[in-house]
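Have a look at the structure below, then the notes.
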Amino acid sequence: MAPDALVRLQKVSKVFPGGIVGLDSVDLDIAPGEFLTLLGPSGCGKTTSLRVIAGFESPTSGNVLLEGRDITGLRPFDRPVNTVFQDYALFPHMDVAANVGFGLSLRKMSGTEQAKRIREALDMVGLADKLRARVSELSGGQRQRVALARAIVCEPRVLLLDEPLSALDAHLREQMQVELKRLQSRLGTTFVMVTHDQTEALSISDRIVVMNKGRIEQIAAPATLYDRPATRFVASFIGTMNLLQSLFVGRDGERLRFAAGELPLEATSDSSETPAAGDTRTIGVRPEDLLAASESGEGTAPARVSGVVFHGRTLRLHA
């Protein structure tokens, strides 16, 4: 594990009543200043991981460390960690300034310093002109920004985001993705986000943790995750991929030659191990790596198109 990890989960497991396994011996290092995303389908353990870091859930076994200090038993408000919730959790009877400054009011801090921090936080999220607005007067995107301002005003070491963009429409969600990354880069704070939206994760993360059934399938940068998925689950979950049962034909250096029916395929391998003649492997091919050819030739295979899906500037063919 990385010696400079800001947050570390060590063999963390969580078993809920009824024997339901939420996390199964999870090891995870989160670096200072990175934007890390926990990605996976519903029930995979991503939200449970976030809640364990925040202190809202106690692990059944294992430890949570922050800068090398064991914080497993610390209460949520004793941790230098803030959370932006999916539903924003704003106080409707308070104005924007009171919502943002709520956490500061619990600290021994002068009114002048509180007001200064509130203004700075709202300026960072582009809501300096909404200081006295009521929450009920704000749009969904503005409420999201207020929730972010409230989270950063206390200057946490780690900011946790639980499906922060899921309630927004597609256009606003894309806009807020840019805003989140901009804010994280400006603050230099470690962001840990939970989402089930792979496009969202790929667009703003430094690293992505793909989870499935309480375990980590792969941790990698977005490009690595997309181009070199470590498991069949990751390959099928990230983007769209054709998974083809293929017969091993031979090897040329690092390139392995396969045949999926009449379709010849080549794959690179970092391993010196060569499959035995006649062995089968699952080869993943992205749709964008395939072209429709009008004539047969080298590197082609016959196919009958069964459907065409319009994707704006591209068409996706199903065969």
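The values are calculated or read from the model by the stated rules, or taken from the named source; none is laboratory data. Keep in mind that what you see is a predicted model, and the values were worked out from it rather than measured. Positions of Cβ are generated from backbone atoms using ideal geometry, with glycine treated the same way; all protein chains shown enter the neighbour counts.
Suppose we filter segment 104-119 for residues that are surrounded by 12 or more Cβ atoms within 10 Å (Cβ to Cβ) and either closer than 10 Å to Ile152 by Cα or among the aliphatic types (A, V, I, L, M) (or both); how many remain?
Adding up the residues that qualify gives 5.
If I ask for residues that are of a type in the set (D, E, K, R) and either closer than 13 Å to Ile238 by Cβ or crowded, with 20+ Cβ neighbours inside 10 Å (or both), which ones from segment 180-209 would you list?
Listed by number, the residues that qualify are Asp197, Glu200.
Among the residues of segment 213-230, is there at least one that is among the polar types (S, T, N, Q) and assigned by TED's automatic domain parsing to the domain that holds Met193?
Yes, there is a match, as at least one residue in segment 213-230 is among the polar types (S, T, N, Q) and assigned by TED's automatic domain parsing to the domain that holds Met193.
Have a look at Ser203, Ser296, Ser246 and point out the one that is out of contact with any strand residue (DSSP E or B) (no Cβ under 8 Å at 6 or more places or on another chain), at pLDDT 90 or above and either more than 21 Å from Glu34 (Cβ to Cβ) or not aliphatic (A, V, I, L, M) (or both).
None of the other options fit; the residue is Ser203.
If you go through segment 188-224 one residue at a time, how many are in a helix (DSSP H, G or I) and out of contact with any Leu (no Cβ under 8 Å at 6 or more places or on another chain)?
Here the count works out to 4.
Taking Ala151, is it over 30 Å from Glu67 (Cβ atoms), of a type in the set (A, V, I, L, M, F, W, C) and assigned to a helix (DSSP H, G or I)?
So Ala151 does not fit the description; no.
Yes/no matrix, rows are residues, columns are (1) surrounded by 18 or more Cβ atoms within 10 Å (Cβ to Cβ); (2) over 22 Å from the mean Cα position of the chain (by Cα):
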| site | (1), (2) |
| --- | --- |
| Gln10 | yes, no |
| Gly18 | no, yes |
| Val21 | no, no |
| Ala89 | no, no |
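Determine which single condition Ala277 fails, assuming it passes every other condition in (1) in contact with a strand residue (DSSP E or B) (Cβ under 7 Å, 6 or more places away or on another chain); (2) surrounded by fewer than 10 Cβ atoms within 10 Å (Cβ to Cβ); (3) at pLDDT 85 or above.
(3)
Can you list the strands (runs of 3 or more DSSP E) lying wholly within segment 10-92 that have 3 or more residues being touching a residue at least 60 places away in the same chain (Cβ under 8 Å), within 16 Å of Val194 (Cα to Cα) and not polar (S, T, N, Q)?
Those strands (runs of 3 or more DSSP E) span 20-30, 35-39.
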